[in-house]
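Encoded as structure tokens, the structure appears first; notes follow it.
The values are calculated or read from the model by the stated rules, or taken from the named source; none is laboratory data. Every value quoted in this text rests on a predicted model; they were computed, and no experiment measured them. FYI the Cβ positions are ideal-geometry reconstructions off the backbone, even for glycines, and counts take in every protein chain you see.
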Amino acid sequence: MQYLLMIHGEEGRFGDMPKADVEKMMGAYGAYTQALKDAGVLRGGERLQPSTTATVVRTKNGKTSVLNGPYAEVKEQLGGYYVIEAADLDAAIGWAARCPGASDGAIEVRPIWPM
Amino acid sequence: MTPEAEDAARAAATRVARESYGKLVAFLAARDRDIAAAEDALSDALAAALADWPRRGVPANPEGWLIVTARRRRIDAAWRGRVADEASETLRLAAEELEAAEEHGPLPDRRLALMFVCAHPAIDEAVRAPLMLQTILGLDAAAIASAFLVSPAAMGQRLSRAKAKIRLAGAPFRIPEREELPERLDAVLEAIYAAFAYGWEQAFADDPRGRNLAEEAIWLGRLVASLALDEPEALGLLALMLYADSRRAARRDAAGRYVPLAEQDVGRWSAAAIDEAERLLTVAGAKRRPGRFQLEAAIQSAHAARRHGGATDWPAIAALYDALYALTDSKVVAVNRAVAAAEAHGEAAGLALLEAAAAEGGLDGYQSYWAARAALLARAGRKGEAADAYRRAIGLEFDPATRAFLIERLASLG
């Protein structure tokens, strides 16, 4: 099965983060991504620009509205994602728990609808 | 076929349904995690058995017969409802499993794995016990709803949502690895105990289902204890439920009035249930891995000692509650701990613990807190405050006999 791991966290914290800590975090993500690759489970994943750059688009009755996003104003924002292949939910949870974002935010694990 | 043989066949079908329901669901759902489809197929197969067995006799392997029939129904449903690819995949898996089942004789028992699925951390805690009662025991949503005091429609919806999540999110039918086993087993045991507690509290309510629920929970407890052999907490839970159940008859007097534990006639306790509980607790203790349920069972064991004419060892019980409270941090335990401390060290000690627990919050709507507080205040001679606390307890109680008991105590304050 494929799962989407959504990395939610307070993006504001990056602003005040000392450079050394940013490097540490990048290093941790690099190692995690490599571990996913080595295990042969990585199917995709990207880091996203901050939620202040988001735009929400809707079409209703033929009229398109464009709003300054993000879609939901919450304390923690979607900062990036991975798509992984895992045997079952427990295996996916196991990978989510190892994601650096799990220790300073939360990882939402969602099964991907097979097409 | 003679009417007697027909009755026998019908009885056999009912018995297999009762004893094998969870085994059959677990077997049918293990591959594709589709519990709802497994239940549908099984109920079709059981209906077919009720029509077929009285006419042609009970098959030599009733479980095998039900599996084959249920599998056929699932394949039919798959052909009807899904794309051909998926149906042929289901067909292939079914053929493989049938072969395996025939070669290896008795059906593999995957009920423990099914219980771990029902109590998976991804499943809402409130629905874990209902899910277990339905998938392992085959109770219907309406019966479960009534026992858990929610509407049948709401319960049905919660159950089907949970089953959909298990299927779509891919919660695995397996026994967790050693490192995560204690925590995962705990969730299973908690769910069983929740079912027992609901049944226990309602054992004397007008609805007879409450009584049944306590029995069903004991049945589940036996099942886990027999399947998870090396786990002392599983034995501890079963012992705990048996101790409580041993006092069922003594909880009411001849007139149906509530009798508190300290005033119960020990002659009306079930000696057989207590003996079994003591044996289980001894086996569990020998494994030297104490836990919440073993501690609770040990407290019950200390209460049960009174059956041999001994006085209740309150200091020992108070110490066990201290350990239990340190482990669980639960409000139920906090209240019972205060009551034990009052017996062991005096009302002042008990009231101090109760007040400390109340300061943490969350006790205002809890009947046992007010009843315990009332009793301790009454003993300390603080009548006005005791009366207030009794009124709060009476207002929160839903069991008529217990309410009557509290009203009597309130009146006796004078």
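Picking from A:GLY101, A:GLY27, A:GLY80, A:GLY69, which residue would you name as being closer than 30 Å to B:GLU179 by Cβ, surrounded by 11 or more Cβ atoms within 10 Å (Cβ to Cβ) and free of Cβ contacts under 8 Å to residues at least 40 places away in the same chain?
Details: A:GLY101 fails: free of Cβ contacts under 8 Å to residues at least 40 places away in the same chain; A:GLY80 fails: free of Cβ contacts under 8 Å to residues at least 40 places away in the same chain; A:GLY69 fails: closer than 30 Å to B:GLU179 by Cβ.
Going through A:GLY101, A:GLY27, A:GLY80, A:GLY69 in turn, just one is closer than 30 Å to B:GLU179 by Cβ, surrounded by 11 or more Cβ atoms within 10 Å (Cβ to Cβ) and free of Cβ contacts under 8 Å to residues at least 40 places away in the same chain: A:GLY27.
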(request) Report yes if some residue within the range A:17-38 is of a type in the set (Asp, Glu) and assigned to a loop (DSSP other than H, G, I, E, B); otherwise report no. (result) no
(request) Return yes or no: is A:VAL56 farther than 29 Å from B:ILE123 by Cα and either of a type in the set (Val, Ile, Thr) or touching a Ser or Thr at 6+ places or on another chain (Cβ under 6 Å) (or both)? (result) yes
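Only one of B:PRO54, B:PRO130 is modelled with pLDDT under 90 and more than 14 Å from chain A (Cβ to nearest Cβ); which? Step through it out loud before you land on a result.
Details: B:PRO130 fails: modelled with pLDDT under 90.
Residue meeting the stated conditions: B:PRO54.
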(message) Filter the range B:109-138 down to the residues that are in a loop (DSSP other than H, G, I, E, B) and surrounded by fewer than 21 Cβ atoms within 10 Å (Cβ to Cβ) and list them by number.
(response) B:ASP109, B:PRO121, B:ALA122, B:ASP124, B:GLY138
(request) Tell me, yes or no, whether the range B:1-18 has at least one residue that is within 23 Å of B:ALA162 (Cα to Cα), over 23 Å from the mean Cα position of the chain (by Cα) and in a helix (DSSP H, G or I). (result) no
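Quick grid of which residues meet (1) within 23 Å of B:GLU190 (Cα to Cα); (2) without any contact (Cβ under 8 Å) to a residue 40 or more places away in the chain:
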site	(1), (2)
B:SER246	yes, no
B:ALA262	no, no
B:ALA298	yes, yes
B:TYR321	yes, yes
B:VAL339	no, yes
(message) Based on this model, can you work out whether A:TYR82 counts as away from chain B (no Cβ under 14 Å) and in a helix (DSSP H, G or I)?
(response) no
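Condition first: in a loop (DSSP other than H, G, I, E, B), within 14 Å of chain B (Cβ to nearest Cβ) and of a type outside the set (Phe, Trp, Tyr). Now tell me which residues in the range A:85-115 satisfy that. I'd like the intermediate steps shown before the answer.
In the first step, residues of the range A:85-115 are kept if they are in a loop (DSSP other than H, G, I, E, B); the result is A:86-88, A:99-100, A:105, A:112-115.
Now narrow it down to the ones that are within 14 Å of chain B (Cβ to nearest Cβ): A:86-88, A:112-115.
Scanning the range A:85-115 gives A:ALA86, A:ALA87, A:ASP88, A:ILE112, A:PRO114, A:MET115.
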(message) Return the residues of the range B:146-171 that are part of a helix (DSSP H, G or I), aliphatic (A, V, I, L, M) and either within 14 Å of chain A (Cβ to nearest Cβ) or surrounded by fewer than 21 Cβ atoms within 10 Å (Cβ to Cβ) (or both); say none if nothing qualifies.
(response) B:ALA153, B:ALA154, B:ALA162, B:ALA164, B:ILE166, B:LEU168, B:ALA169
